[in-house]
1. With loosely packed, with under 15 Cβ neighbours inside 10 Å and part of a helix (DSSP H, G or I) as the only criterion, which of 25, 41, 69, 60 stands out?
2. Select from the stretch 97-106 the residues that are open to solvent by 10 Å² or more (accessible area, probe 1.4 Å) and at pLDDT 85 or above and list them in ascending order.
3. Which number in (1) over 26 Å from residue 107 (Cα atoms); (2) in contact (Cβ under 8 Å) with a residue 24 or more places away in the chain; (3) touching a Lys or Arg at 6+ places or on another chain (Cβ under 7 Å) marks the one condition that residue 43 misses?
4. Would you mind finding the one in 152, 133, 163 that is among the charged types (D, E, K, R) and modelled with pLDDT under 70?
5. Going through the stretch 6-32 one residue at a time, which ones are without any contact (Cβ under 8 Å) to a residue 12 or more places away in the chain, over 19 Å from residue 80 (Cβ atoms) and either in contact with a Ser or Thr (Cβ under 6 Å, 6 or more places away or on another chain) or not basic (Lys, Arg) (or both)?
6. Check 82, 18 and return the single one that is open to solvent by less than 10 Å² (accessible area, probe 1.4 Å) and more than 30 Å from residue 127 (Cα to Cα).
7. Go through the stretch 72-89 and count every residue that is without any contact (Cβ under 8 Å) to a residue 24 or more places away in the chain and in a loop (DSSP other than H, G, I, E, B).
8. Within the stretch 44-57, track down each residue that is surrounded by fewer than 15 Cβ atoms within 10 Å (Cβ to Cβ) and outside any helix (DSSP H, G or I).
Amino acid sequence: MPNSRAVAGGVAGLARSFANQGPVEALRRFNLVGMAGAPAEDVFVALTDMLCPAGGTIDEAIARDAMLETVADLAASGVGNFDELSAEDLREFFIGVVSRSIEGKILNEVGTNAIAAPSNITGVERAQAMLHDFIEGCVRDEFDARRTDLSDLDATDIDSFVDDLYGAAFDLIEALGDNG
């Protein structure tokens, strides 16, 4: 999951810069300083275009989709301007991106028949809901265990974190498919 790890690292870096140097400097890192004061969803869409441009590989598309779905959730929650985001808002954005990236990769594996899916639609829906809840819960648990605000996560932590959660989610969905 190199693309998802890179995107998670970019989001964590943005949050780290935001917390330590402020929103303008966080945007400067991505050549988006002109977006200071813009709605958060606009900034995150622009960040998505920077971190995972359209037209890439399947893995890049999974990471892009994870970011865009998380942006949509952010917009629906009514978060205001980028400059007004809290550490909690940035944490939720990171959790959403990581969770959806892992979920998207697992669902892609199901779609390419690398993992057996349950044989009926009810089983598939149940497995997908369980997968989503499991992944998001694991990401949240990891944050609680680390007591982090994203400023302490480095690239090695993120790589390990994403890979471990992907492996656990893969095992879960494989078991659900076998029992489907």
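1. 25
2. Hits for the stretch 97-106 are 100, 104.
3. Here residue 43 clears every test but (3).
4. Residue meeting the stated conditions: 152.
5. 21, 25
6. Answer to the selection: 82.
7. Total meeting the criteria: 3.
8. Within the stretch 44-57, 53, 54, 55, 56, 57 meet the criteria.
The values are calculated or read from the model by the stated rules, or taken from the named source; none is laboratory data. Quick caveat: nothing in here was measured; it's all calculated off a predicted structure. As a convention, Cβ positions derive from the backbone with ideal geometry for all residues, glycine included, and neighbour counts pool all protein chains shown. Ligands, DNA and RNA are stripped out before the accessible areas are found, and what is left, the full protein with its side chains, is counted by its heavy atoms. Shrake-Rupley method; radii C 1.70, N 1.55, O 1.52, S 1.80 Å.
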